1. Please find, among Tyr161, Tyr132, the residue that is on the phi < 0 side of the Ramachandran plot, open to solvent by 60 Å² or more (accessible area, probe 1.4 Å), more than 14 Å from the ligand (Cβ to nearest atom) and of a type in the set (Phe, Trp, Tyr).
2. Which of the strands (runs of 3 or more DSSP E) found entirely inside segment 1-105 contain at least 3 residues meeting this: among the aliphatic types (A, V, I, L, M) and more than 17 Å from Ser150 (Cβ to Cβ)?
3. Determine, yes or no, whether Gly208 is under 24 Å from Pro134 (Cβ atoms) and either without any contact (Cβ under 8 Å) to a residue 24 or more places away in the chain or not basic (Lys, Arg) (or both).
4. Would you confirm, using the coordinates I've provided, whether Ala109 is among the small types (Gly, Ala, Ser), farther than 30 Å from Ile255 by Cα, over 20 Å from the mean Cα position of the chain (by Cα) and modelled with pLDDT of 95 or more?
5. I need a count of the residues in segment 32-42 that are within 8 Å of the ligand (Cβ to nearest atom) and of a type outside the set (A, V, I, L, M).
6. Consider Glu69 carefully, then state whether it is of a type in the set (D, E, K, R), free of Cβ contacts under 8 Å to residues at least 24 places away in the same chain and out of contact with any Asp or Glu (no Cβ under 6 Å at 6 or more places or on another chain).
7. Pick from Val154, Val160: which is modelled with pLDDT of 95 or more and within 16 Å of Gln82 (Cα to Cα)?
8. Any residue at all in segment 141-160 that is under 20 Å from Leu8 (Cβ atoms) and part of a helix (DSSP H, G or I)?
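The values are calculated or read from the model by the stated rules, or taken from the named source; none is laboratory data. Predicted model only: the values in this text are computed from it and were never measured. Cβ sites come from the backbone with ideal geometry, for glycine too, and all protein chains shown count toward neighbours. These area figures cover heavy atoms from the full protein model, side chains too; ligands, DNA and RNA do not enter into them. Shrake-Rupley method; radii C 1.70, N 1.55, O 1.52, S 1.80 Å.
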Amino acid sequence: MNFGGEELKVIVTGGAGFIGSHIVDLLIQKNYEVIVIDSLIHGKAENVNSKAKFYRMDICNNELKYLFEEEKPDFVIHEAAQMSVPKSIENPINDAKVNIIGSLNILEACKQSNVKKIIYPASAAIFGEPEYLPIDENHKLNMLSQYGVSKHTVEHYLQVYRNLYGIEYTSLRCSNVYGPRQDSSGEGGVIAIFCEKMLEGKKPIVFGNGNQIRDFVYVEDVAMASIMAMESNINDIFNVCTGIKTSINDLIYMINTVLQKDISPVYRDWRDGDIKQSWMSNKKIMDTLKWSPKYTILEGIRKTLNTPKMV
Ligand SMILES: NC(=O)c1ccc[n+]([C@@H]2O[C@H](COP(=O)([O-])OP(=O)(O)OC[C@H]3O[C@@H](n4cnc5c(N)ncnc54)[C@H](O)[C@@H]3O)[C@@H](O)[C@H]2O)c1
C-alpha cells in the first residue's frame, strides 16, 4: 500500500500463528510492508510469509520499544496471545502476563513510535452464556474464564491510549475462527480437529448430542475484516462472525460431504460449562465497515481440507 509515495508499514504480532499469518499474507498481497513479531511459542516459522521481515521476540520483552523505534510502523495488528481457555484457568498469571502485560508493552511501544492505529482481536469468550441471540456488541459481558478477562481488559487500555495519546484502535470480537494452519493438537479449533481425524478415517469425538450451535467464521474473512478496520478511520468494537448457526452435527455432515465419506461420530457426555448455543450478529460491522463474510462454511471446510498439511 502506497501513501504519498511511501510504503505503509504494518507490524503483525503473532504473525507466525494461525490468524496472524493469514493477515500477513493478505497485507503483502495488498502491497504493505510487513514486520512479524512472534516468539514461536505456538506459531511456526514456516507460516511466516517470505516477503515479511521476521523478528523472533516475546511481546513482553523490554527491548520491544527499540524495535518499534527502528521500524517506525504506521499500524499494528496485535494477534499474539496466550489463546487457550483451559491454560488461562490453570495458569492465570501467565495468561495475564502475555495477554495484558504483553499488550501494554505493545501499546507503550506504539505510543513512543507514533503508531497511527492498532487492531486487536478480542473474543466471543467475553460474553459467556448468552442472554439473548444473536449476541450483538451491546450484550452484557460475563466472562467465564481468565482468558475472557484478559482479552476484554485490553479493550479498556485501547480506549485509554486513544484518549491520552490519540492512538486509533479497533477491537474485533471474533467468533470461532477456522481454516488452514489452525492447530489441531490439544484443544485447537473443532473444525481442525475433526478434519484431521476424519481425513484419517477416524471417528470424531462429540461432547453432548452434537446439537450445540456455534458461529464459525473463515480465517481469510477475519484477515479481511482486520485490514478493513485498519484502513478505516473509525474507532470502535465490532463482532466478526457470520451470524449463521452451525451445529457440531452439521459440521460432521459437511466434512463427510467434502471427503465423500460416511463417518459417524462417537458421542460422549457433555463437558462442564459447555455453552449450548452461541451465535453472533455481524450487522454493525456490515453497516459500518461494509465488511461481510465471503466464504460459506462448506467452502471454508473445502479450503481447509485442501491444504498441504491436510492432504
Ligand atoms: N482462533 C480463534 O477462534 C480466535 C477467536 C477469537 C479471538 N482470537 C484471538 O486471535 C489471536 C490469534 O489467535 P490464533 O488462533 O491465531 O492463535 P495462535 O496461537 O495460532 O497465534 C498466536 C501467536 O502468538 C504467538 N505468541 C504467543 N505468545 C507470545 C508472546 N508472549 N510473544 C510473542 N508471540 C507470542 C504464538 O507463537 C502464535 O504464533 C489471539 O489474540 C486470540 O486470542 C482467536
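1. Tyr132
2. Because the criterion is at least 3 residues that are among the aliphatic types (A, V, I, L, M) and more than 17 Å from Ser150 (Cβ to Cβ), the strands (runs of 3 or more DSSP E) in segment 1-105 that meet it are 9-13, 33-38.
3. Answer is yes for this residue.
4. The answer is yes for Ala109.
5. Number satisfying all stated conditions: 3.
6. No; evaluated as a whole, the condition is false for this residue.
7. Being modelled with pLDDT of 95 or more and within 16 Å of Gln82 (Cα to Cα) holds for just one of Val154, Val160, which is Val154.
8. no
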